[in-house]
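S.K.: Could you have a look at this structure, given as structure tokens, before my questions?
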Amino acid sequence: PVSCAAALATLRVLLESDLIEKAADKGGAFRQNLRHLPGVLDIRQIGLWLAVELQSGERVRAVIKRCTELGLITDWFLFNDRALRIAPPLTISKEEIEFACEVLTQVLEEVP
């Protein structure tokens, strides 16, 4: 019963807010800020889910490690270790997107 009530409340929030409609724009903000960075081969996006493809799995792991040290949690894809996964919550703010992009910019410029 409790889990059903929580699911219903979540569904109501999603249907009554503009979180879903803003997802593509928020994802686009990531794409806009990251596409010019060194070593970024491709950026694929669906809403707020992004895959940032780099040259190698080793570089992706190094970027993830350094991002974590700077307070940004990210991951890679199990089926493609050369792609950095960005999957923030729908409620991410403009300031949080800017912080994430600043950290990723710094890390992608410093990690060979």
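The values are calculated or read from the model by the stated rules, or taken from the named source; none is laboratory data. Predicted, not measured: the structure shown is a model, and the values here were computed from it. Reconstructed Cβ throughout: ideal geometry from the backbone, glycine too, with neighbour counts over all protein chains shown. With ligands, DNA and RNA removed, areas are computed over all heavy atoms of the protein, side chains included. Shrake-Rupley method; radii C 1.70, N 1.55, O 1.52, S 1.80 Å.
S.K.: Could you identify the single residue in LEU72, LEU104, LEU50, LEU108 that is in a loop (DSSP other than H, G, I, E, B), under 16 Å from the mean Cα position of the chain (by Cα) and either surrounded by 14 or more Cβ atoms within 10 Å (Cβ to Cβ) or among the hydroxyl-bearing types (Ser, Thr, Tyr) (or both)? Break it down stepwise before answering.
M.R.: Values: LEU104 fails: in a loop (DSSP other than H, G, I, E, B); LEU50 fails: in a loop (DSSP other than H, G, I, E, B); LEU108 fails: in a loop (DSSP other than H, G, I, E, B).
The match here is LEU72.
S.K.: Name every residue in the stretch 53-69 that is assigned to a loop (DSSP other than H, G, I, E, B) and open to solvent by 20 Å² or more (accessible area, probe 1.4 Å), in order of residue number.
M.R.: Taking the stretch 53-69 as the starting set, the residues that turn out to be assigned to a loop (DSSP other than H, G, I, E, B) are 54-56.
The answer is GLN55, SER56.
S.K.: Count, please, the residues in the stretch 45-71 that happen to be touching a residue at least 24 places away in the same chain (Cβ under 8 Å) and either in contact with a His (Cβ under 8 Å, 6 or more places away or on another chain) or over 14 Å from GLN106 (Cβ atoms) (or both). If you could, list the steps in order and put the result at the bottom.
M.R.: Narrowing the stretch 45-71 to residues touching a residue at least 24 places away in the same chain (Cβ under 8 Å): 47-57, 59-60, 62-63, 66-67, 70-71.
Of the ones still in play, those that are also either in contact with a His (Cβ under 8 Å, 6 or more places away or on another chain) or over 14 Å from GLN106 (Cβ atoms) (or both) are 47-57, 59-60.
Number of matching residues: 13.
S.K.: I've got another one for you. Any residue at all in the stretch 26-36 that's more than 16 Å from SER93 (Cβ to Cβ), at pLDDT 90 or above and open to solvent by less than 30 Å² (accessible area, probe 1.4 Å)?
M.R.: For the stretch 26-36, residues more than 16 Å from SER93 (Cβ to Cβ), at pLDDT 90 or above and open to solvent by less than 30 Å² (accessible area, probe 1.4 Å): present.
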